[in-house]
1. Taking the conditions exactly as written (of a type outside the set (Asp, Glu), modelled with pLDDT under 85 and closer than 30 Å to Ile97 by Cβ), does Lys182 satisfy them or not?
2. State whether the residues of the range 256-264 include one that is among the aliphatic types (A, V, I, L, M) and over 28 Å from Tyr196 (Cβ atoms).
3. Out of the residues in the range 34-68 that are among the aromatic types (Phe, Trp, Tyr) and over 17 Å from Leu83 (Cβ atoms), state the one that is nearest to the chain's Cα centre (by Cα).
4. I'd like the full set of residues that are part of a strand (DSSP E or B) and touching a residue at least 24 places away in the same chain (Cβ under 8 Å), limited to the range 258-282.
5. Does Ala71 satisfy the condition of being surrounded by fewer than 16 Cβ atoms within 10 Å (Cβ to Cβ) and either under 22 Å from Ile218 (Cα atoms) or modelled with pLDDT of 90 or more (or both)?
6. Of all residues in the range 229-259, which are under 18 Å from Ile218 (Cβ atoms), touching a Leu at 6+ places or on another chain (Cβ under 7 Å) and surrounded by 21 or more Cβ atoms within 10 Å (Cβ to Cβ)?
7. If I filter the range 248-296 down to residues being farther than 18 Å from Ser215 by Cβ and acidic (Asp, Glu), which single residue comes out as nearest to the chain's Cα centre (by Cα)?
8. Being at pLDDT 85 or above and not in a loop (DSSP other than H, G, I, E, B), is that true of even one residue in the range 16-34?
Amino acid sequence: MKSTIIKLSLVLFLFTASNSNSVAQQYVQFTHYMYNTLAINPAYAGSHDMLNITGLYRNQWVGLNGAPNTASIYAHTPIWKGLNLGVSVVNDEIGPIALTNLAADLAYSFQVSKRGKLAFGIKSGGNFYQATTNSLVTISGNDPSVQGDFVKNRHFTIGAGAYYHTDNFYVGFSSPTILRNKLELGASENIAQLHYYFITGGIFDINNNLKFKPSGSIKMVKNSPFSVDLSGQFLINEKLWLGLMHRFGDSFGALVGYQFSPQFKMGYSYDLTSSQLRSVNDGSHEVFISYDFNFNSDKIVSPRYF
């Protein structure tokens, strides 16, 4: 009973921890953050105990010219006695700027209780930026920030994280990149700020045919207010997922998904903007697909809820 209270307290903490009025996007964000945890936490690698491949596409702020579009694919698997490997490719386009991130994750997990595993991981890779600045319309004709037709930047990245999970609960803390790289665009220069993520969630039986899955994520960036994402989903008859989400100061929306088998699931979400941007866009769409490859025919596959 005590452990259940602790878990519920951690989850409910995210439902009450909010002190932001407006949040700007600084790192790729997803509504289905609970299904692509590898994007922000390398310690998540291997947590499915088999090879998992997940693809996710987000079309943000539909109708707003130059709005973000993000396509990503993630794969992770155990490789040897607690050692786990992950790889990811993320392509993020915002206006004239395109960012491609290639990353590899290495994690070590070990049993800390009968039901719980703790993992520590590191992430390394590279960011590849390119921008076609001649497509921008400037207020002044000779803006030095957008001089030149084509700009390229490359940065090495490294990150770290910790992740604890059981079959029905998880909690993690991470920083996907701890290097403050400089991005130069014409005469302007931007220095990347460190991002820290705290995530938690669980799944609880309501009855034999209904489960409830709360999830939450807090993003912390220097000189910026907290970004808080909350979601609650219901799983009906181990097949249909229905839920709601809220990103404080930014958006709210709905999620729907289907569990075709214990190994295969798909999902879709639609977000409505609640910030001042709501008057110039028609919301955001996101889809994901995830599959666990069980190459051990003697191993019983159970659904992976996170």
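The values are calculated or read from the model by the stated rules, or taken from the named source; none is laboratory data. Keep in mind that what you see is a predicted model, and the values were worked out from it rather than measured. Positions of Cβ are generated from backbone atoms using ideal geometry, with glycine treated the same way; all protein chains shown enter the neighbour counts.
1. On the way: of a type outside the set (Asp, Glu): yes; modelled with pLDDT under 85: yes; closer than 30 Å to Ile97 by Cβ: yes.
The answer is yes for Lys182.
2. Of all residues in the range 256-264, those among the aliphatic types (A, V, I, L, M) come to 256.
Among the residues that remain, those that are also over 28 Å from Tyr196 (Cβ atoms) are: 256.
Within the range 256-264, one or more residues are among the aliphatic types (A, V, I, L, M) and over 28 Å from Tyr196 (Cβ atoms).
3. Pass one, the range 34-68, residues among the aromatic types (Phe, Trp, Tyr): 35, 44, 57, 61.
Next cut, over 17 Å from Leu83 (Cβ atoms) only: 35, 57, 61.
Values: Tyr35: 7, Tyr57: 11, Trp61: 18 Å.
Restricting to residues being among the aromatic types (Phe, Trp, Tyr) and over 17 Å from Leu83 (Cβ atoms), the top hit is Tyr35.
4. Quick first cut of the range 258-282, residues part of a strand (DSSP E or B) only: 258-259, 264-273.
Selection gives Gln259, Phe264, Lys265, Met266, Gly267, Ser269, Asp271, Thr273.
5. yes
6. Going residue by residue through the range 229-259, those that are under 18 Å from Ile218 (Cβ atoms) are 229-232, 245-252.
Cutting the leftovers down to touching a Leu at 6+ places or on another chain (Cβ under 7 Å) gives us 230-232, 245-246, 251-252.
Leu230, Ser231, Met245, Ser251, listed by residue number.
7. The extreme case among them is Asp292.
8. Of all residues in the range 16-34, those at pLDDT 85 or above come to 30-34.
Those still in the list that are not in a loop (DSSP other than H, G, I, E, B) too: none.
There is no residue in the range 16-34 that is at pLDDT 85 or above and not in a loop (DSSP other than H, G, I, E, B).
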